[in-house]
1. Only one of these is of a type outside the set (Gly, Ala, Ser), out of contact with any helix residue (DSSP H, G or I) (no Cβ under 6 Å at 6 or more places or on another chain) and open to solvent by 30 Å² or more (accessible area, probe 1.4 Å): ASP304, ASP273. Name it.
2. Test each condition in (1) of a type outside the set (Lys, Arg); (2) under 17 Å from ASN496 (Cβ atoms); (3) open to solvent by 20 Å² or more (accessible area, probe 1.4 Å); (4) in contact with a Gly (Cβ under 6 Å, 6 or more places away or on another chain) for ASP576 and report the one that comes out false.
3. Can you name every one of the helices (runs of 4 or more DSSP H) wholly within segment 236-350 that holds 2 or more residues which are more than 29 Å from the chain's Cα centre (by Cα) and more than 19 Å from THR363 (Cβ to Cβ)?
4. Being of a type in the set (A, V, I, L, M, F, W, C) and open to solvent by 20 Å² or more (accessible area, probe 1.4 Å) narrows it down to one of ALA593, ALA533, so name that one.
5. Inspect segment 635-642 for any residue being under 28 Å from VAL476 (Cβ atoms), buried (at least 17 other Cβ atoms within 10 Å of the Cβ), without any contact (Cβ under 8 Å) to a residue 60 or more places away in the chain and not β-branched (Val, Ile, Thr) and give the result as yes or no.
6. Identify the residue in segment 596-605 that is of a type in the set (A, V, I, L, M) and surrounded by 14 or more Cβ atoms within 10 Å (Cβ to Cβ) and, among all such residues, is nearest to ASP576 (Cα to Cα).
7. So in segment 542-552, with the set limited to residues that are open to solvent by 10 Å² or more (accessible area, probe 1.4 Å) and within 46 Å of the chain's Cα centre (by Cα), which one is modelled with the highest pLDDT?
8. Can you confirm whether segment 414-427 contains a residue that is under 30 Å from ASP288 (Cα atoms) and in contact with a helix residue (DSSP H, G or I) (Cβ under 7 Å, 6 or more places away or on another chain)?
Amino acid sequence: MHKDQISSITRARLWYQYPVTWVFALLLILIVLISLLGIYSLHKIEKEFLQRSLLNIEKLRLLDEMVHHSRQRSVLLRDLVIASDPFDQDEIIQKHYALATHYLSARNELVAKRLNEEERKILDHIIAMNRKGYTLQQQIIELATSGQQDKALELIATELEPNRRQLYPDMMMMREMLVDSSTSSTQVALEFMDSYRTILAWLLVIAIVTGFSIAWLAYQIDSHHSRRLLWQACHDPLTGLGNRYEAESQIQALIDDARQNDASHALLYLDIDQFNIVNNTSGQTAGDELLRQLAAHMRESVGDDIAIDRVGSDQFVILLMNKSIEEVKSTARQILDGITSNRFEWLDRSYDITACIGIVPVTASRDNVESIWSDAYIACDVAKEKGGDRIQVSEETSEETKLRREGMDWTSRLRHAMNDDRIVLFSQDIRSMKNGIAHSEILVRYEEENGEIVPAAHFIPAAERYNLITEIDLYVVRKTIQFMAHDNDRRSYSINLSGMSLGNRELLDSIITGLEIYDVDPEHLCFEITETAAIRNATSAIQFMNVLHGLGCHFFLDDFGTGLSSFGYLKTLPLDIIKIDAHFIRNIEKDSANRSILEAINTIAHGFGMKTVAEGVETETQLAILGAIGIDYVQGYLVDRPSRLLAA
């Protein structure tokens with residue numbers, strides 16, 4: 001599949017998840033803060049300028065009042081000397097005193113104002129001259145009211161007028177100083193405000209430029225980071241190929257294109273044969289290098305424009321567009337031939353690498369990605385079962401595909417059933433031919449949500465194929481031991497163990513722990529293993545069996561005669577009972593060969609000190625013949641039918 005024809009997956013992020021958003025937010029806050037600071041500072045400057053201006057205006061007003069009142073008093077004194085009517089004189093004196101009061105009030109207010117050193121010095125001199133002038137004015141008033149107008153005029157001319165001539169220049173000087181100060185303050189304030197506005201404008205420009213620079217840098221960093229995260233989310237870091245996440249998006253794009261254009265595409269699911277051998281013998285570093293080399297080889301084989309994804313530890317997917325099935329098979333064979341033709345060298349070791357490919361046509365009839373994955377697994381599994389270096393084309397409607405798909409479906413159903421306690425236990429008696437005393441074999445069943453019971457034959461093969469059988473064995477062991485702890489009959493029970501569970505440390509620990517916690521007698525717990533599983537896993541099986549046998553548990557060799565039937569293993573395995581497969585029991589009334597085999601097995605078992613159980617006994621005639629042969633125990637519908645353990 002061409003990469004530019006498949007949309008890569010992108011996850012939309014909310015606006016506040018982008019760092020650049022926060023940078024812009026900080027920029028806005030910075031600009032607002034600078035603006036507010038500038039406005040506040042300008043307001044403060046204007047306020048201070050206004051206060052200074054008002055202060056100068058007030059000082060000028062008070063000084064002008066002093067000058068005005070001083071002149072008015074001088075005029076009134078001359079009028080007093082000229083006036084001859086006592087009433088007129090009295091009225092003039094009252095006006096004079098009133099002006100004096102206003103003068104003193106203005107002077108005192110001016111004294112209380114904030115004055116600079118030079119202004120304070122001039123005002124102090126004016127006050128000193130006023131004191132002298134006040135004394136002279138009092139003398140003149142006394143002389144005028146006592147009829148001594150000539151002396152009063154002389155005092156005015158010789159002393160009061162010189163005093164005033166000294167006083168007025170000081171007042172004018174101070175007035176000019178206040179006017180100059182006000183003008184100067186206004187000019188300085190205006191210049192400062194202009195400078196401050198300029199500085200504030202530059203600060204805003206710098207803030208904006210800096211902010212946008214930071215925002216641009218943050219955007220570049222965030223874009224790079226986002227692209228890197230997106231790449232990591234959709235690619236395998238080891239090989240640089242797309243990962244399963246990317247593959248699912250590409251497969252969905254294939255399905256959509258097939259529906260819209262009635263096109264025919266294909267998915268190639270490649271699984272390396274026995275990849276673990278490289279990992280286990282040369283280490284993970286060697287395995288990683290092998291994967292990198294295979295990825296490079298596939299790119300060379302199909303071209304860089306074809307989508308290739310690594311979807312598992314040693315699984316790859318190649319997507320081909322608009323190819324006939326023959327062209328797809330040819331491409332698949334080309335890939336496999338390239339893999340087999342290049343030996344993998346690592347240090348002092350050399351490996352012949354092969355792989356299998358499952359091909360799934362992607363047409364308009366396809367419903368979803370999951371069904372394609374399922375068929376890809378199945379096709380690849382079929383190819384592997386046929387041997388390495390194989391190609392298998394999935395046929396959606398084939399019986400094989402349907403059966404394997406059902407098997408894969410069972411894995412999910414079984415896990416949910418174990419969580420919901422819908423893996424239920426049944427038991428079937430195994431009776432002694434001598435005294436009729438029985439112990440029971442535990443049988444496992446699946447219970448549908450509607451209560452329907454499904455036999456083990458429907459799901460055990462799927463559990464074994466998809467590595468779920470050990471979990472089921474753990475479940476059955478735990479449930480059985482819990483049941484035995486509350487079983488008043490104290491009978492023995494035998495549990496079937498799969499070959500995959502033999503030697504499993506977790507299962508062994510669970511059995512030992514369960515026996516201790518629930519105080520169950522190990523003598524009452526038996527385990528059934530098939531001869532095929534025991535012989536194929538001989539070393540781990542013997543270790544596993546010896547530990548439990550040493551505790552007092554018993555072991556049955558189940559379905560004896562259907563597997564490898566190596567009597568040599570009977571000497572090494574710690575067995576107590578051999579169960580003869582029901583195949584030899586059927587038609588025993590007529591088949592002398594089966595009877596001879598039964599006699600031989602029974603004789604050999606007794607020779608090893610073991611007991612025998614005949615499975616599948618259904619008639620009284622079979623029972624009589626088995627008794628005559630010397631079989632120790634029998635099991636079958638004639639003896640007992642499976643029934644549910646109600647407490648399990």
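1. ASP304
2. (4)
3. Ranges flagged: 275-282, 284-302, 325-341.
4. ALA593
5. For segment 635-642, residues under 28 Å from VAL476 (Cβ atoms), buried (at least 17 other Cβ atoms within 10 Å of the Cβ), without any contact (Cβ under 8 Å) to a residue 60 or more places away in the chain and not β-branched (Val, Ile, Thr): present.
6. Checked segment 596-605; the qualifying residue nearest to ASP576 (Cα to Cα) is ALA605.
7. VAL547
8. no
The values are calculated or read from the model by the stated rules, or taken from the named source; none is laboratory data. As the structure is a computational prediction, the values presented were derived from the model and not from experiment. Ideal geometry is used to build each Cβ from the backbone, glycine not excepted, and the neighbour counts take in all protein chains shown. These accessible areas exclude ligands, DNA and RNA; they are computed on the full protein's heavy atoms, side chains included. Shrake-Rupley method; radii C 1.70, N 1.55, O 1.52, S 1.80 Å.
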